[in-house]
Amino acid sequence: MNPLLHLRTAQREAERCLQCHDAPCTEACPAHIDVPAFIRSILSGNVTGAAEVVRSANALASVCGAVCPQEIFCQDVCTRAQQDRPVEIRDLHGFATGWQSEHGPLRPHVSSGPGGQVGVVGAGPAGLACAFTLALFGHRVTVYDRQIPGGVPRASIPSFRLRDADLNEDLSFLSPHFVFKGEELDAAGLRRIKNEHDAVFIAAGLGADRPLPISGASLPGVLPVLRFLESAKLHMDMPPPGDRMIIVGGGNVSLDAAATAKRLGASDVTLMYRRSEQEMRIWKSELEEARRQGVQMAFLTRPVEILGTARVEGVRCRRTRLSDRCDPDGRRIPEDILHSEFMIDADAIIVAIGQIPTAEFLPLFERTSRGYVKVDLDYQTSIPSVFAGGDIIGGEGTIVQSVAQGKAAAGAIHRYISSGNPGGRP
Ligand SMILES: Cc1cc2nc3c(=O)[nH]c(=O)nc-3n(C[C@H](O)[C@H](O)[C@H](O)COP(=O)(O)OP(=O)(O)OC[C@H]3O[C@@H](n4cnc5c(N)ncnc54)[C@H](O)[C@@H]3O)c2cc1C
Ligand code: SF4
């Protein structure tokens, strides 16, 4: 929760900003929020002005004000850290947008523009940011989603990290700017909306968990992490799927699963990762939080078989060590240690080893070697007039990166429509 609840406390934090001329924080923020400018507005007591600066750059400003991993972006380069500690940039913009929502709506300037028609598939961060930016350029936008708007922040990010109120603040600011249709699009649906619009933006995210390729993985009690997090978010009073739970995976999503398992009341939660702590792709604060909650860590360990007859009873594991070979991302590949097998009892296993794109229309597109939709520098796909952005083009990212891509793609779509030949490549 944001500790900056009152203007005076926010101003005390704002006073710590050195107002650097080159603003490395703005450069490091993927949405390029003008950090010194909004901090100056807070200092002068113009909180609405601060919220305007933040919202004009980041369509999901309240969501990012709560869960943006600032430690890898703006805060990581904050000059103030050389004196004592970085400025709490995220809390400050969360304060500004939260305060503004309570004190009346912002009315962004919508230009009369060329009035093109754009269809957006997916109402997650990338789709919402693209739809909003296109609307400001003066285009008419229809957003399609099989679920209510919000994407992963709505469906999967646990409520103890992201309150519905934060997402709803953003949605009530954004939703007057587009028409929403609750519809899941397949290949035929995509062809239809392509014919109905001057351009289409695909932001369908990932949506399916990578399966664990070992024996026993289909036993009852083995759950894909997104399904686990989605049902826990809907029913926070549900019992844990087991008292002794193992979470397999070493990313932020596995830490969310471990923390959720603890909150549901599981007494014994172990996070199992085949590499060491140094190779985890996580925000350190999340790992510290999981440890505080009593989650146990089993590093350099991997499951080789899930044991049980009617349902999960345990896992056969093997110890690993890091080899000298590296994967395409430069991380050392783990290898098994001979004769190192051991068993762990477990009632439930949560599989959190990554997500993959699932949309039925994917085969229509040229894709990258990793199966994501391939785009050029203007976010155009292999299909003329169809653009794409967010996790579906690059895999698991962050909200602010998806917002930045949605914004950039909106600029490219605007240029494309303004060039006067919708339906063909510019
Ligand atoms: C558990 C979890 C926790 C996370 N925590 C954080 C965090 O704290 N901070 C952070 O910055 N990032 C976090 N992330 C990452 C972040 O949520 C994603 O990078 C971001 O949501 C991706 O945005 P997107 O718009 O590309 O896709 P999504 O958010 O996945 O949205 C895609 C939307 O498309 C819709 N859709 C899909 N297929 C179709 C179809 N065929 N027809 C119609 N609609 C369709 C879906 O219903 C969904 O609403 C987290 C991710 C997960 C899984
Ligand atoms: S959106 Fe994220 S990176 Fe950008 S200023 Fe806010 S906390 Fe920093």
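At-a-glance table
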{"quantity": "Packing-based order for 63-73, 219-229, using average beta carbon neighbours within 10 Å, highest first", "calculated": "63-73, 219-229"}
{"quantity": "R0 of 45 Å, Cβ-Cβ distance residue 316-residue 32: FRET efficiency to nearest 0.05", "calculated": "0.35"}
{"quantity": "Crossing angle, helix 252-264 versus the chain [Cα axis fit, 0-90 degrees, rounded to tens]", "calculated": "70"}
{"quantity": "Percentage, to the nearest whole number, of Cα pairs in segment 1-136 over 21 Å apart", "calculated": "42"}
{"quantity": "Global size of segment 104-172 as Cα Rg and Dmax, reported in angstrom", "calculated": "13.5, 43"}
{"quantity": "Volume of the Cα convex hull of segment 41-112, divided per residue and given in Å³", "calculated": "106"}
{"quantity": "Lys/Arg +1, Asp/Glu -1 at C-beta; segment 42-121 dipole; positive extreme among 82, 53, 115", "calculated": "115"}
{"quantity": "Projected area averaged over orientations for segment 123-231, convex hull of C-alpha atoms, nm²", "calculated": "8.7"}
{"quantity": "Pairwise label distance in nanometres, residue 415 with residue 146, each label 7 Å out on the Cα-Cβ vector", "calculated": "3.4"}
{"quantity": "Difference of contour (0.36 nm per residue) and Cα-Cα distance, residue 338 to residue 292", "calculated": "13.2 nm"}
{"quantity": "Filtered trypsin sites (Lys or Arg not before Pro), segment 331-415: DSSP coil and at most 16 other beta carbons within 10 Å", "calculated": "331, 370, 374"}
{"quantity": "Solution diffusion estimate, µm²/s, Stokes-Einstein, the chain, Kirkwood Rh from C-alpha pairs, 20 °C, viscosity 1.002 mPa s", "calculated": "93"}
{"quantity": "At R0 = 22 Å, FRET efficiency that the Cβ-Cβ distance of residue 161 and residue 227 yields, to 0.05", "calculated": "0.75"}
{"quantity": "Stretchable slack from residue 46 to residue 208, in nm (0.36 nm times residue separation minus alpha-carbon distance)", "calculated": "54.0 nm"}
{"quantity": "Unsatisfied cross-links (Cα-Cα over 27 Å) in the set 194/233; 262/407; 181/407; 284/374; 181/284", "calculated": "194/233; 262/407; 284/374; 181/284"}
{"quantity": "Computed lengthening from residue 111 to residue 236, 0.36 nm per intervening residue step minus Cα-Cα distance", "calculated": "40.7 nm"}
{"quantity": "Largest-first principal axis extents, alpha carbons of segment 354-426, Å", "calculated": "41, 27, 18"}
{"quantity": "When the convex hull of its Cα atoms is projected in every direction, mean area for segment 219-314 (nm²)", "calculated": "5.9"}
{"quantity": "Cα→Cβ-extended label distance, 7 Å offset, between residue 304 and residue 218, nm", "calculated": "2.3"}
{"quantity": "Rh by Kirkwood over Cα pairs, then Stokes-Einstein D for segment 73-122 at 0.692 mPa s and 37 °C, µm²/s", "calculated": "221"}
{"quantity": "Computed FRET value (nearest 0.05) for residue 195 with residue 72, which takes r as the C-beta separation and R₀ as 41 Å", "calculated": "0.50"}
{"quantity": "Rg/Rg_globular for segment 287-426, with Rg_globular taken as 2.2 N^0.38 Å and Rg from C-alpha atoms", "calculated": "1.53"}
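Just so you know, all these numbers are worked out from the coordinates, no wet-lab data involved. Bear in mind that the values here come from a model prediction, so they are computed numbers and not experimental data. Virtual Cβ from ideal backbone geometry, glycine too; neighbours counted across all protein chains shown.
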